[in-house]
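Notes for the one structure printed next.
The values are calculated or read from the model by the stated rules, or taken from the named source; none is laboratory data. Quick caveat: nothing in here was measured; it's all calculated off a predicted structure. Positions of Cβ are generated from backbone atoms using ideal geometry, with glycine treated the same way; all protein chains shown enter the neighbour counts.
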Amino acid sequence: MRWLFLLLIAVLAGSDILDKDMSLGFGLSPKNLLLYMIALAMFFRMAVVGGGPRMRMPGLHVAFATWVGYATVSFITCVLIIHYTSYDPKQSGIALKAALYDAALFLFTVFYAIRDEADFKVLTKALVGAIGLSSVLTLTDVIGVTHLGVRVGQSGVEADRVFGMFGHANETGALLVCLLPTMVAAALSSRGPGRLMWYVAVLTSLAVLVLTISRGAYVGFVVGYGIACVLCRKYLPVSRVVSWVMIGASTTVVLCIIVSLAVPNVGSVVVDRLVGQTSSFSLMEVSSGRTNIWSTTIGHMADEPLTFLTGFGWNVYATRFVYVTHNYYLDLWFNLGLVGLLAFVAILYQGVMTARRAADHASPEMRRYMIAFVFGILGMAVSIMFVNLTRPWPYIWLYMGISLSAASTLLMDRQSMEEAQGASAQAVLRVARGSPGGGVVGAAAVRGVR
């Protein structure tokens with residue numbers, strides 16, 4: 001299975017780096033086909049061999065099933081009962097498959113396919129390594145060494161912004177914020193030339209993050225990572241955090257200078273977006289029009305108050321508005337109501353807290369990856385308050401599946417160990433109670449076992 005997932009990562013990253021959709025027909029692409037083959041192979045193996053993998057993180061399964069199930073019911077309702085004007089059942093059905101059904105397969109196939117720590121390390125490094133490679137190629141494209149067609153904004157608010165290889169600049173920025181901490185963890189866990197290559201991936205990804213000029217990603221980087229520092233403070237002494245902040249700030253300044261030399265106009269664009277718009281007295285200008293979109297969206301829901309609870313239905317927003325919500329949570333709320341919104345938030349919450357608990361029982365190397373997961377998911381969770389993601393989701397769901405598989409395994413191993421120790425202690429206590437002076441001897445024996 002490991003090799004199939006490596007091939008899936010290669011196909012997924014290759015199609016984005018080369019900007020080739022490679023469609024095979026109705027809603028099907030090579031990466032989808034490979035994903036379905038992996039899922040079928042897993043089901044076939046379980047049917048033939050029997051004794052499928054033990055369910056882990058049941059709350060994650062319930063939240064995802066609720067999200068997918070409610071979206072499916074709302075889609076059927078829109079098609080068969082409500083009949084919204086301009087609602088396209090075919091397009092919305094394909095969007096449902098791509099956004100939720102494929103997401104479940106990306107997450108849960110790798111979640112149950114990983115068997116040991118070696119699988120986790122190989123797949124994690126392959127995934128973030130592909131993102132690091134994309135950052136290197138983005139920079140070489142921007143300076144003219146390669147010609148892969150990386151898009152750079154030409155006019156208006158998009159002028160001189162590097163879009164990267166994952167859709168819009170805001171999407172690329174959010175994905176980099178999500179996976180940068182794991183690149184750092186991979187660098188710290190490597191030795192020799194390997195560590196140098198990982199640091200190159202980290203620095204180039206940080207440079208691309210700067211070039212996206214995505215304020216949402218910058219907020220995710222600062223606020224999301226700040227919250228992660230609080231959650232992981234047990235492993236992150238204040239002195240270490242301060243030193244990392246200083247090193248990160250210094251590195252960012254140096255990268256900004258280098259990037260400004262390579263892309264002359266980027267410096268003025270960064271200053272204009274961060275200083276010019278932020279210092280404006282107009283809230284709409286500060287938010288690049290987002291507040292106007294948000295207020296219009298919420299006002300539309302207020303006209304039909306029941307939709308605050310139920311939502312309008314799957315993909316209805318796209319049929320009523322020209323501009324996207326620029327807020328993934330608001331998009332979920334509008335379409336799927338509180339059910340869909342809370343299910344998604346529950347998925348993120350369970351992921352972060354599971355990795356946080358797993359860090360308590362992990363080896364020093366695995367602890368780095370668990371902490372990196374907390375940083376990355378929280379950074380992404382803050383970033384998507386200002387952006388709608390499309391192309392980065394397969395990478396994020398794969399990353400969550402890989403990491404949560406390792407985290408839940410660590411917790412299960414710890415639980416099994418504690419149960420074994422408890423059983424041994426009870427056995428010793430029963431034996432000791434049957435001997436002379438059993439009470440005192442039994443207590444001492446139990447202390448010895450523990």
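Once the range 230-258 is narrowed to residues that are touching a residue at least 40 places away in the same chain (Cβ under 8 Å), in a helix (DSSP H, G or I) and of a type in the set (A, V, I, L, M, F, W, C), the residue that is farthest from Pro392 (Cα to Cα) is Ile258.
Screening Tyr329 with (1) surrounded by fewer than 22 Cβ atoms within 10 Å (Cβ to Cβ); (2) under 23 Å from Gly69 (Cα atoms); (3) under 26 Å from the mean Cα position of the chain (by Cα); (4) touching a residue at least 60 places away in the same chain (Cβ under 8 Å) gives one miss only, at (4). Considered as a group, the residues in the range 291-326 that are of a type in the set (Val, Ile, Thr) and surrounded by fewer than 16 Cβ atoms within 10 Å (Cβ to Cβ) include one that is nearest to Gly69 (Cα to Cα), and that residue is Ile298. With respect to Leu261, is the statement that it is modelled with pLDDT of 95 or more and loosely packed, with under 13 Cβ neighbours inside 10 Å true? So Leu261 does not fit the description; no.
Of all the criteria given as (1) in a helix (DSSP H, G or I); (2) more than 18 Å from the chain's Cα centre (by Cα); (3) over 23 Å from Gly311 (Cα atoms), the one not satisfied by Leu96 is (3). Go through (1) buried (at least 17 other Cβ atoms within 10 Å of the Cβ); (2) free of Cβ contacts under 8 Å to residues at least 40 places away in the same chain; (3) among the hydroxyl-bearing types (Ser, Thr, Tyr) and name the single condition Tyr101 misses. Result: Tyr101 fails condition (1) only. Number of residues in the range 179-201 that are of a type outside the set (S, T, N, Q), within 21 Å of Pro364 (Cα to Cα) and in contact (Cβ under 8 Å) with a residue 60 or more places away in the chain: the value is 8. Within the range 57-69, residues that are within 16 Å of Ala355 (Cα to Cα) have Cβ atoms under 7 Å from residues that are assigned to a helix (DSSP H, G or I) and small (Gly, Ala, Ser) in these pairs: Met57/Ser408, counting only partners at least 6 apart in sequence or on another chain. With respect to Val374, determine if the residue is at pLDDT 95 or above and within 30 Å of the chain's Cα centre (by Cα). Criteria met by Val374. The set of residues in the range 54-90 that are within 26 Å of Phe106 (Cα to Cα), more than 19 Å from the chain's Cα centre (by Cα) and surrounded by fewer than 13 Cβ atoms within 10 Å (Cβ to Cβ) comprises Arg54, Met55, Pro58, Lys90. Picking from residues in the range 183-227 that are charged (D, E, K, R) and surrounded by fewer than 20 Cβ atoms within 10 Å (Cβ to Cβ), the one that is modelled with the lowest pLDDT is Arg191.
Considering Val162, Val152, Val128, Val136, the condition of being touching a residue at least 12 places away in the same chain (Cβ under 8 Å) and farther than 21 Å from Val11 by Cβ is satisfied by Val162 alone.
Across the range 150-160, the qualifying residues are those that are more than 26 Å from the chain's Cα centre (by Cα) and part of a loop (DSSP other than H, G, I, E, B), and the one among them that is nearest to Ala201 (Cα to Cα) is Asp160. For the range 358-414, the candidate set comprises residues that are free of Cβ contacts under 8 Å to residues at least 60 places away in the same chain and in contact with a Leu (Cβ under 6 Å, 6 or more places away or on another chain); within that set, the residue that is farthest from Gly164 (Cα to Cα) is His361. Tell me, yes or no, whether the range 319-327 has at least one residue that is over 17 Å from Leu389 (Cα atoms) and either among the charged types (D, E, K, R) or modelled with pLDDT of 95 or more (or both). Yes, the range 319-327 contains a residue that is over 17 Å from Leu389 (Cα atoms) and either among the charged types (D, E, K, R) or modelled with pLDDT of 95 or more (or both). If the requirement is being in a helix (DSSP H, G or I) and either of a type in the set (S, T, N, Q) or at pLDDT below 90 (or both), which of these qualifies: Phe106, Phe64, Phe44? Only one candidate passes the filter, namely Phe44. Considering (1) in contact with a strand residue (DSSP E or B) (Cβ under 6 Å, 6 or more places away or on another chain); (2) surrounded by fewer than 21 Cβ atoms within 10 Å (Cβ to Cβ), the lone condition that Val230 does not fulfil carries the number (1). As an exercise: evaluate Leu336 against (1) crowded, with 19+ Cβ neighbours inside 10 Å; (2) out of contact with any Ser or Thr (no Cβ under 7 Å at 6 or more places or on another chain); (3) assigned to a helix (DSSP H, G or I) and give the number of the one condition it does not meet. The failed condition is (2).
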